[in-house]
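Q: Take this structure, written in structure tokens, and hold onto it; I'll ask about it next.
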Amino acid sequence: MESLIIPVLILALVGAGVVLAAKAIGRRGNKVLPGSTPPPSRDSVELARAAAAKLDQEQHRRLYALIAQGQAMAAIKLYFESTGEGLRASRDAVGALAAHPQPFRPPTAEQAPSEDEDDTPQRFPYRYRAIASKGDVTREVSSNMLNDEIYGRIRTLAKSGDTEAAATALTRHSDISMKQALEFIALLDD
């Protein structure tokens with residue numbers, strides 16, 4: 001029994017030395033230089049918000065679909081290709097997005113071009129039909145560049161007396177001539 005005490009003590013001292021050395025090396029690796037900010041942790045909420053802001057709505061939807069299916073490599077590849085970030089940054093971003101899910105937030109008004117500045121109107125996946133009639137005269141405009149909001153603005157312009165602007169907006173959001181647009185607007189004047 002006495003012959004086992006010395007080897008057990010030596011083994012305990014070596015184990016304690018290894019633990020202390022590992023702690024010292026770990027502390028040395030986690031040092032942050034004075035005046036600098038530590039890098040965001042891989043699963044931080046801030047990193048997830050910043051990563052989500054770099055994606056458009058379709059990329060955001062596809063990325064979360066891949067995360068939900070457990071396809072982490074495909075999600076990292078999608079983020080990498082969509083943002084142009086590095087591979088490690090893409091891995092960290094996808095990890096943060098998986099740990100802290102973020103809703104899609106459209107760009108703010110400062111970032112998104114307004115509809116008036118955009119030369120080409122948005123095309124919708126459906127055809128909108130606008131019908132105007134007065135007496136026995138009926139006109140119809142059908143376009144996939146119209147919706148309730150745009151047609152409402154056109155009607156407001158027409159009712160306020162600005163028929164030229166209303167006709168211009170209607171020709172911009174449909175495939176009709178200015179003459180046809182003016183005829184249509186004339187029926188909205190009530």
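The values are calculated or read from the model by the stated rules, or taken from the named source; none is laboratory data. Fair warning: this is a prediction, and the values are worked out from it, not measured in the lab. Methodologically, a virtual Cβ is constructed for each residue, glycine included, from the backbone with ideal geometry; neighbour enumeration extends over all protein chains shown. Accessible surface is based on the protein model in full, side chains and every heavy atom, while ligands, DNA and RNA are left aside. Shrake-Rupley method; radii C 1.70, N 1.55, O 1.52, S 1.80 Å.
Q: Mind telling me which of the residues Leu20, Leu11, Leu47, Leu63 ends up being touching a Leu at 6+ places or on another chain (Cβ under 8 Å) and either open to solvent by 100 Å² or more (accessible area, probe 1.4 Å) or modelled with pLDDT of 85 or more (or both)?
A: The unique qualifying residue is Leu63.
Q: I'm trying to understand the selection: among the residues of the range 88-123, which are out of contact with any helix residue (DSSP H, G or I) (no Cβ under 6 Å at 6 or more places or on another chain), at pLDDT 90 or above and either open to solvent by 60 Å² or more (accessible area, probe 1.4 Å) or farther than 20 Å from Val45 by Cα (or both)?
A: Within the range 88-123, just Arg88 meets the criteria.
Q: Continuing with the same structure: Does any residue in the range 97-118 that is polar (S, T, N, Q) come within less than 6 Å, Cβ to Cβ, of a residue that is open to solvent by less than 80 Å² (accessible area, probe 1.4 Å) and modelled with pLDDT of 55 or more six or more places away or on a different chain, and which pairs are these?
A: Going by the 6 Å Cβ cut-off, the qualifying pairs are Gln102/Ala48; Gln102/Ala52.
Q: When you look at Thr163, is it within 19 Å of Tyr126 (Cα to Cα), at pLDDT 85 or above, open to solvent by 30 Å² or more (accessible area, probe 1.4 Å) and of a type in the set (S, T, N, Q), yes or no? Let's see the steps before the verdict.
A: Working: within 19 Å of Tyr126 (Cα to Cα): no; at pLDDT 85 or above: yes; open to solvent by 30 Å² or more (accessible area, probe 1.4 Å): yes; of a type in the set (S, T, N, Q): yes.
Answer is no for this residue.
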